[in-house]
1. May I ask you to evaluate 6.51 cos²θ - 1.76 cosθ + 1.60, the Karplus curve with θ = phi - 60°, for each residue of the stretch 53-63 and list the ³J(HN,Hα) values in order in whole Hz, giving x for glycine and proline?
2. Please work out the Cα center distance from the stretch 132-198 to the stretch 51-79, rounded to the nearest Å.
3. Tally Lys and Arg at +1 and Asp and Glu at -1 over the other residues with C-beta under 11 Å from the C-beta of Arg135: what net charge comes out?
4. So how do Arg151, Arg51 line up by other beta-carbon neighbours within 10 Å, fewest first?
5. Please state the shape class of the stretch 73-154: rounded when a/c is under 1.5, otherwise prolate if a/b exceeds b/c and oblate if not, all from the C-alpha gyration tensor.
6. Past 20 Å, Cα to Cα: identify those pairs from Lys97/Lys166; Lys61/Lys166; Lys106/Lys184; Lys97/Lys156, in the order given.
7. What does the charge count near Gly66 come to, summing +1 for each Lys or Arg and -1 for each Asp or Glu among other residues with Cβ under 14 Å from its Cβ?
8. Suppose each label sits 7 Å from its Cα in the direction of the beta carbon; what would the Ile138-Arg51 distance come out to in nanometres?
Amino acid sequence: MNYFRNPYVLPIIVSIVIVAVGFVVFSQFSNSFSVRMSKTTVIKELRELNRLETASFTIEKVIDAGTSGNQFAEILFGDRILLIANGQVIAGFDLSKLSANDITVKDHEIRLTMPKPEILVTTLNSQETRVYDRRQGILSKGNKDLESQARVEAEKAIRQAACQGKILEEASKNARQQLSALFKAMQFTTITIAIPEASC
C-alpha cells in the first residue's frame, strides 16, 4: 500500500518534521544563551534593591498624655490630651549591608546570609490620627507642644506594639519567600538563605 496516496498521511509527516526541527533549534538556542549568574551579578542585583520591605503593620493606639497630679490640681492647672493615633510600621532589610562574604555562588547553587531584619519606618497617618479630647484646668495656660509630644509617644507606642506582634519574624519569613522566588527566576536550583534573629 502506498501511504503517500492517502491525503491525510503527508500533512501528518510534514507536521512531525516541523516539530522535530523546531525542537532541535530551540534546544541549541537555549544552550547558547543560558545565563549563569556570578556572585558579582547577584550582589549587584540585591544592592540595587537597596531596602527590602517585607512586613507592614497598621496599628491604632489611644494615647493619654499631659499633666499628672491629684484631682484638685488637675481641675486648676491640669492639661491633658487624648489622642487616637493610627500609624504604620514597616520592617525589612538594609541590603546595602551585604558584603561579598555573605554570598556564595557555585553553578546553580546559591547561599546567602542576610543582615538582621529591622524596623525601617514608623509613621503616623495624619488623616487618621486625631485629638479625641483635650482637657485644661481653670487656671491652666495650656501646653502648646502637648499634641506634638503625644504624637511622639504615639509613634513609640505603635513601634512597640509592632515589635510585640513579632513584625521582625514576619519580615524574615516573607523575605525568605521573596528571595527564593527571585533566585529561582535567576535559574538557581539549590537555594539556602540564612537570616539572623533580631529584636527591637
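1. For the stretch 53-63, the Karplus-derived couplings read 8, 10, 8, 9, 10, 10, 10, 10, 9, 9, 10 Hz, x marking Gly and Pro.
2. 18
3. -2
4. Ordered by Cβ neighbours within 10 Å, fewest first: Arg51, Arg151.
5. prolate
6. The answer is Lys97/Lys166; Lys97/Lys156.
7. -1
8. Distance between the two pseudo-spin positions: 5.1 nm.
Every number here is computed from the coordinates shown, using simple stated rules; none is lab data. Remember, it's a predicted structure, so these values are computed and weren't measured experimentally. Please note: Cβ atoms are built from the backbone with ideal geometry, for glycine as well, and neighbour counts cover all protein chains shown.
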